[in-house]
Amino acid sequence: MSTLSDRISGLFFMAMGLAMYFWVNPNYIETVEGGNLSPSTLPNIISIILASAGAFVAIKPTTHRLRNPVLMAKTGLYVALLTGGIWAMSWFGFEYVAPVLALAIMWLIGERRPLWLGLGVVAMPALIWFLVTQLLGRALP
Amino acid sequence: MVDFSTILAGFGDAFSLFNLAFVLFGVILGQFVGAVPGIGPIMAMAIAIPFTFGLDPLPAIAFLVGVNKGGLVGGAVPAVLMNTPGTPDAAATAMDGYPLAKQGKPLKATKMALFSSVTGDTFSDIVLITVSAPLAILALKMGPIEVAALMIFAFSILAGLIGNSIAKGVISAAFGLLAASIGQDPENFTPRLIFGYWDLFDGLALPSVAIGMLAISEILHRLSEAHGNMRPAINAKDTGNPDDRRVTWAEYWSCRYTMLRGASIGTVLGALPGIGSTAAAFMSYAMTKAGSKDPGSFGKGNIQGIAASESANSAVVGANLIPLLTLGIPGSVGAALIISAFMIHGMQPGPLLFENQGRLVYGLFGAMIMANFVNLWVGQLGLRLWVRVVSAPESIIFSSALLLCFVGVSMATSGLFGVTIMLIFAVIGYLMASFGYSLVIFIIAFFLGPRFEKSIAQSLALTNGDLTQVLKSPVALALLVLSVVSVVWFLRKNTEGEDE
């Protein structure tokens with residue numbers, strides 16, 4: 001299992017390096033006439049290094065142990081929640097979304113104590129609002 | 001280069017009540033969050049940087065210096081009381097601090113950590129103030145060829161010293177460089193790898209990348225491990241004996257050589273890019289134990305062990321600024337964050353900093369000295385309070401930290417696009433850490449990338465593409481040879497490590 005994680009990541013970086021070199025860099029970097037250093041020179045060199053080092057890791061993996069896949073899946077849930085939070089903020093603003101987001105996170109962690117929930121859901125967003133909009137005079141997202 | 005009046009003016013700027021208030025606030029915040037396992041000074045700084053926008057550069061930097069220094073003291077509290085270091089470099093502190101706390105002397109252990117931390121920190125600050133200006137003068141004599149060689153040297157050290165395999169270190173550095181190449185090409189100013197998103201034309205914002213990878217990815221990891229069992233409050237039992245609650249002068253003085261050794265190790269290692277404070281703490285601890293007449297007492301509550309670890313890990317902080325201020329090379333993640341704060345406030349780290357903004361640099365030095373005294377004072381008063389902080393539930397800490405990161409990055413990058421980038425890099429950082437790739441190398445390579453490319457382009461322009469010109473620069477040649485030697489040395493060291 002421990003060598004498998006390095007093989008997977010090594011192959012990923014190898015594929016990424018190759019994709020960058022053969023497809024992404026030629027298509028997404030403008031070519032320029034003249035100059036000492038072409039815009040694609042460094043990305044191309046990096047892509048080759050990335051692919052070579054990735055292949056090396058895949059061929060000669062270390063004994064690094066991957067994090068528990070169940071925990072990684074759980075992290076995916078939190079990422080989805082935060083993505084939703086950002087999307088909602090773009091529509092409704094921080095003031096309305098932050099308390100809901102804080103409540104969802106605290107609930108998912110397992111917090112059920114009303115005092116701590118109140119602090120996290122009401123007091124903390126209110127404090128941030130006061131700090132940013134009143135003290136610093138800046139806009140919230 | 002910097003005249004005496006500039007130095008005096010800089011220190012005069014720093015020693016004002018206004019700046020003292022910001023240092024004080026920073027130290028309190030740093031000690032507070034440093035005491036929370038999993039947060040630490042790096043995350044605190046990452047979150048705090050965007051909130052310094054509205055401030056003048058000096059109070060802003062003074063505040064961040066306070067956060068950084070306070071965090072190191074705070075990090076020792078959970079290490080001593082829970083055997084759970086608030087910061088990785090406090091892990092060595094836990095080896096003797098926790099047994100001492102279990103003996104009913106938690107305050108003696110935390111106070112010894114405080115005193116030795118401030119001692120080590122002050123030592124390295126004095127070294128920083130003394131050597132950085134002369135080093136900057138030397139650095140100013142470097143041309144683009146030498147700068148490019150220096151960048152290569154910095155990369156060779158970083159890739160070798162951090163991470164458990166050279167190949168993985170190379171991947172982290174290459175990935176960081178690749179991320180840095182998004183945006184304008186530094187020579188031709190054409191868009192590069194922006195995929196139609198013109199918000200990326202100026203490149204990925206450092207606050208988005210740094211906060212995403214360092215703060216949010218760690219919070220995501222900690223969130224996934226929480227199972228609804230909130231952290232219990234810590235009850236460090238006290239013997240009731242007043243002598244067990246304080247560190248006497250005799251006890252402090254008995255550790256003077258230990259602290260001097262620790263501070264020297266921390267200062268030397270801190271001045272080299274890439275060597276973290278954790279290595280300094282463990283090296284100092286090991287040397288103190290090896291040189292002790294009673295090595296068997298180490299790990300059982302010996303205050304010499306606490307003094308060795310804390311003096312070394314704190315000494316790294318000041319010394320880390322030596323390569324940053326003189327060469328513009330961040331030696332650690334903390335230094336990379338300080339660099340981003342400098343840039344937000346219009347300071348460009350590097351040898352020209354002393355010439356262009358000498359007064360501000362000496363103001364920073366003044367703030368650092370001030371922060372040491374404030375750290376001592378706040379620590380004396382606050383240690384009992386931080387013990388309670390350790391028992392705050394993760395639920396409120398992490399939800400609040402996430403909201404602060406959202407707001408902070410939004411302010412730093414002018415909108416939710418930066419927040420989205422932050423989340424993307426949080427996921428990348430989480431996956432990289434899960435698969436054993438160094439985030440530190442990534443961040444530093446990301447920062448150095450544009451400077452590296454620019455110096456290469458300038459070198460090529462200067463030499464008309466003739467790379468043999470490098471042979472005519474002894475400094476560049478020496479740096480390139482050093483780069484090769486360090487890579488070979490690290491490869492050998494790595495191979496030996498694998499064999500063992």
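The values are calculated or read from the model by the stated rules, or taken from the named source; none is laboratory data. Everything numeric in this text was worked out from a predicted model, so none of it was measured. Here the Cβ is made from the backbone with ideal geometry for all residues, glycine too, and neighbour counts use every protein chain on show. The accessibility values were calculated without ligands, DNA or RNA, using every heavy atom of the protein model including side chains. Shrake-Rupley method; radii C 1.70, N 1.55, O 1.52, S 1.80 Å.
Temperature 10 °C, viscosity 1.306 mPa s: under these conditions the Stokes-Einstein estimate for segment B:4-499, based on its Kirkwood radius over C-alpha pairs, is 69 µm² per second. At 10 °C and 1.306 mPa s, grab the translational diffusion coefficient of segment A:69-135 from Stokes-Einstein with a Kirkwood Rh over Cα pairs, rounded to a whole number in µm² per second. So the translational diffusion coefficient is about 124 µm²/s.
Computed about the Cα centre, the dipole magnitude for segment B:4-499 is approximately 1060 debye when only Lys and Arg (+1) and Asp and Glu (-1) carry charge, each at its Cβ. Considering only protein heavy atoms, what is the solvent-accessible area of A:T3 at a probe of 1.4 Å, reported in Å² to the nearest 10? Estimated to the nearest 10 Å², A:T3 gives 50 Å². By the rule of a C-alpha distance below 23 Å, with chain neighbours fewer than 8 residues away ignored, the lysines paired with B:K454 are B:K141, B:K472.
The average projected area of chain A, computed from the convex hull of its Cα atoms over all directions, is 14.2 nm². Counting other C-beta atoms within 10 Å, and keeping those with at most 15, which DSSP coil chymotrypsin sites (Phe, Trp or Tyr not before Pro) do you find in segment B:194-225? Passing sites in segment B:194-225 are B:F195, B:Y197, B:F201.
Cross-link pairs exceeding 19 Å between alpha carbons, from the set B:K69/B:K168; B:K69/B:K111; B:K111/B:K289; B:K111/B:K300; B:K111/B:K293; B:K105/B:K300: B:K69/B:K168; B:K111/B:K289; B:K111/B:K293.
Projecting the Cα atoms of A:A123, A:L136, B:I424 onto the charge dipole of the protein assembly as shown (Cβ charges, centred on the Cα centre) puts A:A123 farthest toward the positive pole.
Taking label points 7 Å from Cα along the Cα-to-Cβ direction, B:N356 and A:T3 give a separation of 5.2 nm. Within chain B, the selection of entire DSSP H helices by a Cα span of 30 Å or greater along the long axis and an average Kyte-Doolittle value of at least -1.0 returns B:57-82, B:106-140, B:303-327, B:358-389, B:439-463, B:474-499. If only the Cβ of Lys and Arg carry +1 and only the Cβ of Asp and Glu carry -1, the dipole of the protein assembly as shown around its Cα centre is close to 1580 debye. Sites listed here are GluC sites (Glu not before Pro) in segment B:310-398 whose DSSP assignment is loop and whose Cβ has at most 16 other Cβ atoms within 10 Å, and the list is empty. Here the protein assembly as shown has 67 percent of its accessible surface on carbon and sulfur atoms, given a 1.4 Å probe and all protein chains in place.
When you work out D = kT/(6 pi eta Rh) for the protein assembly as shown at 25 °C and 0.890 mPa s, using the Kirkwood radius from C-alpha pairs as Rh and the Stokes-Einstein form, the result is 97 µm²/s. Counted residue by residue at 0.36 nm each, then reduced by the alpha carbon distance between them, the extension gain from B:V484 to B:K300 reaches 61.9 nm.
Where the convex hull is taken over the Cα atoms of segment A:1-64, what is its projected area averaged over directions, in nm²? Before the final figure, lay out the partial values.
Working: hull surface 18.1 nm².
Average projection, Cα convex hull of segment A:1-64: 4.5 nm².
Counting only protein chain heavy atoms and rolling a 1.4 Å probe, the accessible areas of B:D13, B:D244, B:D96 rank, largest first, as B:D13, B:D244, B:D96.
Farthest toward the positive end of the dipole of segment A:6-88, out of A:F22, A:N36, A:L81, is the Cα of A:L81, where the dipole comes from beta carbon charges about the Cα centre.
For the chain pair B and A, the interface hides roughly 5900 square angstrom of accessible area in total, found with a 1.4 Å probe. Our summary gives chain B a relative contact order of 30 percent, counting only alpha carbon pairs under 8 angstrom and 6 or more residues apart. In the full protein context, the protein assembly as shown carries 41 Å² of accessible surface per residue, based on a 1.4 Å probe and ignoring ligands, DNA and RNA. Considering only B:L482, A:T62, B:P323, and ranking their Cα positions along the charge dipole of the protein assembly as shown that arises from unit charges at the beta-carbon of Lys, Arg, Asp and Glu, the one farthest toward the positive end is A:T62.
Counting Cβ atoms of other protein chains within 10 Å of each residue's Cβ and taking the mean over peptide A:39-52 gives 6. Using a probe of 1.4 Å on the protein chains alone, the accessible area found for B:R245 is around 90 Å².
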